[in-house]
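**Student:** Here you go, one structure.
The values are calculated or read from the model by the stated rules, or taken from the named source; none is laboratory data. Note that this is a predicted model, so its numbers are computed, not measured. Here the Cβ is made from the backbone with ideal geometry for all residues, glycine too, and neighbour counts use every protein chain on show. In case anyone asks, the SASA skips ligands and DNA or RNA and just uses the protein heavy atoms, side chains included. Shrake-Rupley method; radii C 1.70, N 1.55, O 1.52, S 1.80 Å.
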Amino acid sequence: NLETMIECFYRNDSSRMVILKCIGEHHFYREKVVMPTEVFWFEAPAEARLEIWKMSVTGQMLHLRADVSDYSTEQYENSTQSLKAC
């Protein structure tokens, strides 16, 4: 069962490391520690979900949950082009 994979990126603009978790169907799972100011490029199924966890005194805390398509390089390129057109 082939899934459509999309190229994505996440930039950690915070001053703390975060844990990025990408979860998709058919046992797709990717986890990566992303350091402050680091950019992480990855491929994921188009229908996958992305979770960003921040570290706190009590452990990991869910900071953000989103569709992986919100982080696609195609969406970034389209928004950059629309900014240039203004």
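**Student:** Only residues that are touching a residue at least 40 places away in the same chain (Cβ under 8 Å), open to solvent by less than 70 Å² (accessible area, probe 1.4 Å) and closer than 17 Å to residue 71 by Cα: list them for the range 1-23, please.
**Tutor:** 6, 8, 9, 10, 14, 18, 19, 22 - these are the residues of the range 1-23 that are touching a residue at least 40 places away in the same chain (Cβ under 8 Å), open to solvent by less than 70 Å² (accessible area, probe 1.4 Å) and closer than 17 Å to residue 71 by Cα.
**Student:** If you don't mind, there's one more thing I want to ask. Considering each residue of the range 24-39, count those that are of a type in the set (A, V, I, L, M), closer than 20 Å to residue 74 by Cα and buried (at least 17 other Cβ atoms within 10 Å of the Cβ), and give that number.
**Tutor:** Final tally of qualifying residues: 0.
**Student:** Looking at the range 40-66, I want the residues that are open to solvent by less than 40 Å² (accessible area, probe 1.4 Å) and have a partner that is of a type in the set (S, T, N, Q) with Cβ atoms under 7 Å, at least 6 apart or on another chain. Which pairs are those?
**Tutor:** 45/4; 46/4; 46/69
**Student:** Given the range 1-79, what strands (runs of 3 or more DSSP E) lie entirely inside it while holding 3 or more residues that are of a type in the set (A, V, I, L, M, F, W, C)?
**Tutor:** Ranges flagged: 5-11, 18-23, 39-45, 49-56, 59-67.
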